[in-house]
Amino acid sequence: MAPPEQFESSKLRTLDVLLREGFDRTSLEKTVAALVGAESWIIRPVPFEPTGRSFDLLPPGIIEPAQAWELARRLQADPSVEDADPAFEAVYAEQTETTDTTPTLLKAQSAEPGPETFNENDCDWSPRFVKAGEAWELDGGASQGEGILIGHPDSGYLPHPELGPNFTPRLGWDFIDDDPTTENPGGGHGLGTASVMASPYNDPSVDGPKLFVDGVAPKAEVVPLRVAKPTLFVPSPVLFNVGVDRLRDSIGFAIQRRVHVISISLGWLPNAGLHRIIQQAVRENIIVIAAAGNYTGPIVVWPGAYDEVVAMAACNASAQPWAFSAWGKAVDATGPGENVWVAQPADKVGQSSGTSYATATVAGIAALWLAHHGRDHLLAKYQGGPTLAQVFRHVLRATCDSWPQSQLAWGAGLVNAKACLKSPLPDVTELESFTARALRQESSDTVASTFSGLPEADVLRGLATTLGVDEQKAARLDAEFGRELRFWALTHAPFRRALQQGAGGERQALKAQAILPPFSPSLRAAIG
């Protein structure tokens, strides 16, 4: 059965504006008044933003995406504005039946002799798959994530014995209802991902009821941050009805809470303000892990697609790719994500699938790594050099188990907690070489880079075919209107399919009203 199409509509929540140095709110008020006249847009400072130059423009009512992109473009042209980018809440299409469009799948290579495989019916198969228990037994350093704080932007949580004593909702916040209560009826996904990170170890000798989920870092603390409202009819969602600004604000909140790891088992739409706060988190030596995406084929979702983030794809207990995992060159590594045992509502446990769980697994590995080496020791060793996020990403990738899958699709390999912790800490010279190659590249705001699993030249060819222009003009349009074109590729299914068909060499005339989205006036004029 094919899953429903993702996100067929989008609601503008805010225009995220960054002012140039020397300008302030008063100058922005004048600029907005000149552009929109009497419309009562609300100007609000972005929370947790250190420069004081970032503001949200909250619309007075419903604003169509094309209008939002046009206004962002006009704001960007003002000399006081350094950047302006719409932040949307992506909304699932209301469907009662699945579509007849199957997701784009990457054919897995056959499993030659390779990583050990496990029985998915064993409720601890996924932590054993990554050798978490063996990592706990290594000599030297804390063994199970002691003293490490994991910020957890997700759907909130539901109480469950699997969460254990180190789950700390008192430190969290609900960014949907704007209150400190992150427990809510829709918190099942956040419950499940939290249990994968830090559910207490189930020692058979302990009295009381037998629990069934072993977290990768059972002594780490998890702080729930509610940013998402799950839509239950979509199977194994990594994509939620979530405003990008809520996720942005939750990361700023997590920085202020002085967390050490941020685990983001969700994503979809990019945003410049979101990217800036992630860059700030990484500068503050926070390790950020995020999901590659579910049912999105060659599109690795944001924030996972950002260079500063460790992006995780998913496999099963037999060391084969999960059929519905996103894939592409933005993926860093692959971990357990199909039929993983997790805590579920009503004090139950069960199996669930998604790149969410690979993400939570690696967040647990990051907590083990920080505790094992001592975060203060790591900060002293790399002071003035690479961030801890860069060091961890390097070590994680370097210690992955190899498997037959392409590294251009599935990252460096299958994550291995024991090898990650055992690996000697790299010297700065080695890290400089790695970061120069992989970590210092700016994420590209183009539709050509959106399809992480496809060659950018092929996507540009698909864009040219779809718009009915030559490839040189398509490249110019992508350079100038890349953010808007990317947005429509992510939210307008016919346009997305046309780009992929054109990238695949099907060069029939695709330009038609039913295929092209309602572009902004400036983009329509530029297309001609």
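The values are calculated or read from the model by the stated rules, or taken from the named source; none is laboratory data. These numbers come from a predicted model, not from an experiment. No Cβ is skipped: glycine too gets one built from the backbone with ideal geometry, and neighbour counts run over all protein chains shown. The area values use the complete protein model at the heavy-atom level, side chains included, leaving out ligands, DNA and RNA. Shrake-Rupley method; radii C 1.70, N 1.55, O 1.52, S 1.80 Å.
Roughly speaking, to the nearest percent, how much of region 445-527's 1.4 Å accessible area is carbon and sulfur?
Using a 1.4 Å probe with all protein chains present, region 445-527 comes out at 52 percent carbon and sulfur.
Residue separation times 0.36 nm, minus the C-alpha to C-alpha distance between Arg476 and Glu64: what's the value?
Stretched out fully, the Arg476 to Glu64 stretch lengthens by 145.8 nm.
Specify which labelled value, from [x] 40.6; [y] 24.6; [z] 35.9, agrees with mean projected area of the Cα convex hull in nm² derived from the coordinates of the model shown.
The listed entry that was calculated here is [y].
To the nearest 10 degrees, how steep is helix 65-76 against the longest Cα principal axis of the chain, on a 0 to 90 scale?
For helix 65-76, the angle is close to 80 degrees.
Taking the solvent-accessible surface of protein heavy atoms with a 1.4 Å probe, what is the per residue accessible area of region 1-93 in Å²?
46
Between 0 and 90 degrees, rounded to the nearest ten: what's the tilt of helix 188-198 against the longest Cα principal axis of the chain?
50
Based solely on its DSSP helices, what 222 nm [θ] is calculated for the chain when runs of n ≥ 4 H residues each add -39,500 (n - 2.57) and the sum is averaged over all residues, nearest 500 deg cm²/dmol?
That calculation yields -10000 deg cm²/dmol at 222 nm.
Which entries in Lys229/Lys473; Lys229/Lys422; Lys11/Lys219; Lys11/Lys348; Lys30/Lys473; Lys329/Lys418 show an alpha-carbon gap greater than 30 Å?
Violating the 30 Å Cα-Cα cut-off are Lys229/Lys473; Lys229/Lys422; Lys11/Lys219; Lys11/Lys348; Lys30/Lys473.
Give, in nm to one decimal, the length gained when the segment between Ala77 and Leu138 is fully stretched (0.36 nm per residue of separation minus the Cα-Cα distance).
16.3 nm
How much area per residue is accessible in region 445-527 when the probe is 1.4 Å and only protein heavy atoms are counted (Å²)?
39
For region 10-83, state which trypsin sites (Lys or Arg not before Pro) are in a DSSP loop and have at most 13 other beta carbons lying within 10 Å of their beta carbon.
Arg20
Can you work out the Karplus-derived ³J(HN,Hα) for every residue in region 31-37? Use 6.51 cos²θ - 1.76 cosθ + 1.60 with θ = phi - 60°, whole Hz, and x for glycine or proline.
Residue by residue, region 31-37 yields 5, 5, 4, 5, 8, 10, x Hz.
Heavy atoms only, probe 1.4 Å: what % of the accessible area of region 1-93 goes to carbon and sulfur, would you let me know?
For region 1-93, the apolar C and S fraction of the accessible surface comes to 54 percent.
Where both residues lie in the chain, what percent of DSSP beta bridges are antiparallel, nearest 5?
The antiparallel fraction comes to roughly 55 percent.
Taking 0.36 nm per intervening residue step and subtracting the Cα-Cα distance, what contour gain separates Gln279 from Glu116 on full extension?
Stretched fully, the Gln279-Glu116 segment lengthens by 55.1 nm.
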